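Student: My questions will all concern the structure given below.
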Amino acid sequence: MPFSRALLRRHTVLPGFDLAFGFVVLYVCLIVLVPLSAAFLKTATLTWEGFVAATMSPRVVASYRLTFGASFAAALLNAVFGLLVAWVLVRYRFPGRRFVDALVDLPFALPTAVAGIALTAIYAQNGAIGQWLPFKVAFTPVGVFVALVFIGLPFVVRTVQPVLEDVNREFEEAAATLGATRLQTVTKVVLPIVMPALLTGFALAFARALGEYGSVIFIAGNMPMVSEITPLIIITKLEQYDYAGATAVAVVMLVTSFALLLVINALQAWARKRQGGV
């Protein structure tokens with residue numbers, strides 16, 4: 001045991017491992033664990049009846065339905081079109097490809113408030129796009145869906161794109177030689193290789209959409225029971241000095257996000273194992 005410990009110390013990459021590890025643990029505790037623990041401790045001041053009343057009222061349940069439903073639908077749409085965007089960027093060369101590739105990262109760099117205002121201006125009834133649509137987008141649940149699609153697309157594209165770049169085209173050529181059609185080649189050869197990364201991108205986009213606030217509140221209209229998202233419910237309770245109620249709703253969202261994080265980690269492990277096997 002002392003020999004193995006000495007061997008570990010001798011071959012460690014970072015000097016002063018104990019000190020560095022101590023700083024890492026301290027940083028994680030101060031930045032992550034302490035704030036999250038405070039939310040649980042504040043929620044614990046409520047009785048079970050109070051917790052249920054704060055987290056299961058009709059208004060809050062309606063916000064859950066909109067937040068989770070719109071987030072899932074937006075992530076699903078992003079999974080489809082994100083795969084198509086990544087495919088075009090990897091497999092084709094066309095003028096302006098680098099510019100389009102850079103535009104994919106725009107939702108990452110753009111402030112969420114700016115994105116929300118821009119989307120509202122475009123999809124309002126007198127906007128550049130909204131005036132031509134037969135249905136109303138801004139200030140409706142459809143507007144929430146549009147905003148979540150906007151902020152979630154880069155997660156799918158940037159997750160799938162590196163995997164597509166590493167796909168060996170000899171597999172596709174072999175499938176074509178054996179008589180497979182293009183559709184069969186995509187569904188039987190390419191898609192199984194890309195699927196783990198695609199599922200990971202879907203989970204990342206879904207998790208990101210659940211916590212989105214800035215780009216949604218401007219286009220949502222924030223009408224109770226109609227277009228009110230759960231993060232806005234938390235802000236509203238804080239403004240009303242209902243800190244325990246706000247943390248109770250936050251704990252529900254936190255537990256859900258943590259479950260999604262576990263799913264993402266499992267998908268990433270599955271992707272690494274599958275790619276290693278290939």
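The values are calculated or read from the model by the stated rules, or taken from the named source; none is laboratory data. Because the structure is predicted, anything quoted here is derived from the model rather than measured. Because the Cβ atoms are built from the backbone with ideal geometry, glycine has one as well, and the counts that use them run over all protein chains shown. Heads up: the accessible areas ignore ligands, DNA and RNA and are worked out on the full protein's heavy atoms, side chains in. Shrake-Rupley method; radii C 1.70, N 1.55, O 1.52, S 1.80 Å.
Student: Quick one: if you take sqrt(5λ) for each eigenvalue of the C-alpha gyration tensor of the range 73-125, what semi-axes come out, biggest first, whole angstrom?
Tutor: Value: 24, 15, 11 Å, ordered largest first.
Student: Note the listed values (i) 35; (ii) 58; (iii) 38, then indicate which one is percent of Cα pairs over 26 Å apart calculated from this particular structure.
Tutor: So the calculated entry is the one marked (ii).
Student: In whole percent, and with a 1.4 Å probe on the protein chains, what portion of the accessible area of the chain is carbon and sulfur?
Tutor: With neighbouring chains kept in place, the figure for the chain is 71 percent.
Student: Spin-label point model (7 Å from Cα, Cβ direction): what's the residue 61 to residue 38 distance in nm?
Tutor: Going from the residue 61 label point to the residue 38 one covers 3.2 nm.
Student: Between residue 68 and residue 117, how many nm apart are label points set 7 Å from Cα along the C-beta direction?
Tutor: Result for the modelled spin labels: 3.4 nm.
Student: Also: Cα centroid distance between the range 139-161 and the range 29-83, in Å?
Tutor: 19
Student: Do any chymotrypsin sites (Phe, Trp or Tyr not before Pro) in the range 87-160 lie in a loop, going by DSSP, with at most 16 other beta-carbon atoms within 10 Å of their beta carbon, and if so which? Display every interim value, and only then the final one.
Tutor: Working: sites: 87, 92, 99, 108, 123, 132, 135, 139, 145, 150, 155; in loops: 92, 135, 139.
Answer by residue number: 92, 135.
Student: Same structure again: What ratio of Cα Rg to 2.2 N^0.38 Å holds for the range 10-161?
Tutor: Output field value: 1.49.
Student: Measure off 7 Å from each Cα along the Cα-to-Cβ vector at residue 235 and residue 109, then give the distance between these two points in nanometres to one decimal.
Tutor: 2.5
Student: Give me the number: length gained by fully extending residue 84 to residue 45, i.e. 0.36 nm times residue separation minus the C-alpha to C-alpha distance, one decimal in nm.
Tutor: So the extension gain works out to 9.2 nm.
Student: Then there's this: For the chain, with a Gaussian network of springs between Cα atoms less than 10 Å apart, report the residue from 220, 54, 109 with the top mean-square fluctuation.
Tutor: Evaluated over the chain, the most mobile residue of the options is 109.
Student: Same structure, new question: What's the magnitude of the charge dipole for the chain around its Cα centre, counting Lys and Arg as +1 and Asp and Glu as -1 at the beta-carbon? Answer in Debye, nearest 20.
Tutor: Computed about the Cα centre, the dipole is about 560 debye.
Student: While we're on this one: Calculate for the chain the 222 nm mean residue ellipticity that helices alone would give, adding -39,500 (n - 2.57) per DSSP H run of length 4 or more and normalising by residue count, nearest 500 deg cm²/dmol.
Tutor: -24000 deg cm²/dmol
Student: Out of the range 64-99, which trypsin sites (Lys or Arg not before Pro) are coil in DSSP terms and have no more than 13 other C-beta atoms within 10 Å?
Tutor: 93
Student: Sticking with this one: Let me know the shape class of the range 118-210, please: from the alpha-carbon gyration tensor, a ≥ b ≥ c as square roots of the eigenvalues, rounded when a/c is under 1.5, otherwise prolate if a/b is greater than b/c, or oblate.
Tutor: Because a/c hits 1.5 or more and a/b exceeds b/c, the range 118-210 counts as prolate.
Student: Grab the Cα-Cα distance for residue 273 and residue 258, subtract it from 0.36 nm times how many residues apart they are, and report the gain in nm with one decimal.
Tutor: Extra length available between residue 273 and residue 258 comes to 3.1 nm.
Student: Could I ask something else about it? How much accessible area per residue does the chain have, counting only protein heavy atoms and a probe of 1.4 Å, in square angstrom?
Tutor: 59
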